[in-house]
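Worksheet: one structure, shown below.
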Amino acid sequence: MEKPWMLWNFVERWLIALASWSWALCRISLLPLIVTFHLHGGIIFLLLIFVSIAGILYKFQDVLLYFPEQPSSSRLYVPMPTGIPHENIFIRTKDGIRLNLILIRYTGDNSPYSPTIIYFHGNAGNIGHRLPNALLMLVNLKVNLLLVDYRGYGKSEGEASEEGLYLDSEAVLDYVMTRPDLDKTKIFLFGRSLGGAVAIHLASENSHRISAIMVENTFLSIPHMASTLFSFFPMRYLPLWCYKINFVLQKISQCRMPSLFISGLSDQLIPPVMMKQLYELSPSRTKRLAIFPDGTHNDTWQCQGYFTALEQFIKEVVKSHSPEEMAKTSSNVTII
């Protein structure tokens with residue numbers, strides 16, 4: 001079994017090297033091609049210019065989505081909880097990347113049976129910047145929190161990519177399953193913005209290990225976001241293969257576990273209608289849409305009633321012990 005795996009690793013490294021070389025060639029050749037076309041003209045040079053620009057834009061998509069250095073100290077300093085039981089953990093992914101996690105433990109009554117929330121953050125900053133939100137979750141929801149810094153974020157190694165983030169999420173879930181002190185029957189995924197896309201992917205691939213998902217202010221897909229933010233003609237009709245990053249969330253159709261969709265209607269970055277569409281696409285028999293009219297993209301968690309909505313959902317999931325009990329619960333919409 002190892003030879004095919006070694007062969008695939010070799011092919012994968014070769015393709016990555018080829019892609020990097022092609023991008024470098026596009027950058028180097030663009031200016032000479034423009035000068036040559038200006039001096040001599042020719043349809044071939046014009047086509048080569050378009051190919052070079054397309055190659056640069058294809059690679060540049062990572063720069064437009066991932067912001068691990070905002071604010072500028074995000075890769076140097078990761079705030080840690082003080083006065084609260086926690087662990088600063090490092091794990092390795094299947095491709096050898098070292099990730100940094102923070103596990104915050106709930107120590108109140110029945111703490112050995114407390115649910116664990118794996119927290120996937122948005123596209124900027126690091127896990128330390130989410131501590132105010134996470135600590136309020138700890139107090140209000142009485143859960144364990146495992147905060148994840150993706151590759152290329154905070155103290156985690158590597159460089160962010162769509163496939164890389166998927167590998168990171170798998171490694172984190174695998175790690176949780178090795179912990180004898182965490183209740184493996186009560187694993188919740190929480191994702192905000194980009195983190196919602198990561199959570200949905202992980203849930204779609206691990207339905208037997210995930211109790212429920214909670215996503216907040218998340219997009220349908222990167223192509224949907226591109227056509228929304230750049231509504232002029234070419235962006236609307238670009239085929240999917242033009243996008244290096246997709247995060248296509250039709251994967252929600254594979255997530256039949258209980259699902260909570262949290263939507264801030266004052267979100268100026270991701271259209272709130274996308275959260276409603278995700279809710280409608282969900283096949284879960286126990287799904288909730290919690291709507292907060294004053295919720296913005298990053299601060300919906302500060303709205304009144306936010307933690308009440310999460311608490312009610314978690315209690316409902318934990319209380320349900322069998323598929324039959326889950327089936328009795330109808331879908332609803334909560335407006336707060």
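The values are calculated or read from the model by the stated rules, or taken from the named source; none is laboratory data. All values derive from a computational prediction rather than experimental measurement. No Cβ is skipped: glycine too gets one built from the backbone with ideal geometry, and neighbour counts run over all protein chains shown. Note: accessible area is taken over every heavy atom of the protein model, side chains too, but ligands, DNA and RNA are not part of it. Shrake-Rupley method; radii C 1.70, N 1.55, O 1.52, S 1.80 Å.
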Report yes if some residue within segment 96-106 is among the basic types (Lys, Arg) and more than 22 Å from residue 269 (Cα to Cα); otherwise report no. yes
Can you pull out every residue in segment 79-107 that is within 29 Å of residue 313 (Cα to Cα) and open to solvent by 30 Å² or more (accessible area, probe 1.4 Å)? 80, 82, 83, 84, 85, 86, 87, 88, 105, 106, 107
Considering every residue within segment 138-157, establish whether at least one is surrounded by 20 or more Cβ atoms within 10 Å (Cβ to Cβ) and out of contact with any strand residue (DSSP E or B) (no Cβ under 9 Å at 6 or more places or on another chain). yes
The condition of being under 28 Å from residue 217 (Cα atoms) and touching a residue at least 60 places away in the same chain (Cβ under 8 Å) holds, among 77, 119, 113, 106, only for 119
Which of the residues spanning segment 177-202 are open to solvent by 10 Å² or more (accessible area, probe 1.4 Å), closer than 16 Å to residue 116 by Cβ and not in a loop (DSSP other than H, G, I, E, B)? 177
Go through (1) surrounded by fewer than 19 Cβ atoms within 10 Å (Cβ to Cβ); (2) farther than 12 Å from residue 214 by Cβ for residue 267 and report which single condition fails. (1)
Just name the residue that is nearest to the chain's Cα centre (by Cα) out of those in segment 270-301 that are under 24 Å from residue 253 (Cβ atoms), open to solvent by 10 Å² or more (accessible area, probe 1.4 Å) and among the β-branched types (Val, Ile, Thr). 273
Could you say which residue among 304, 250 is open to solvent by 40 Å² or more (accessible area, probe 1.4 Å), in a helix (DSSP H, G or I) and of a type outside the set (Lys, Arg)? 250
Do you know which residues across segment 154-181 are more than 15 Å from the chain's Cα centre (by Cα) and among the aromatic types (Phe, Trp, Tyr)? 175
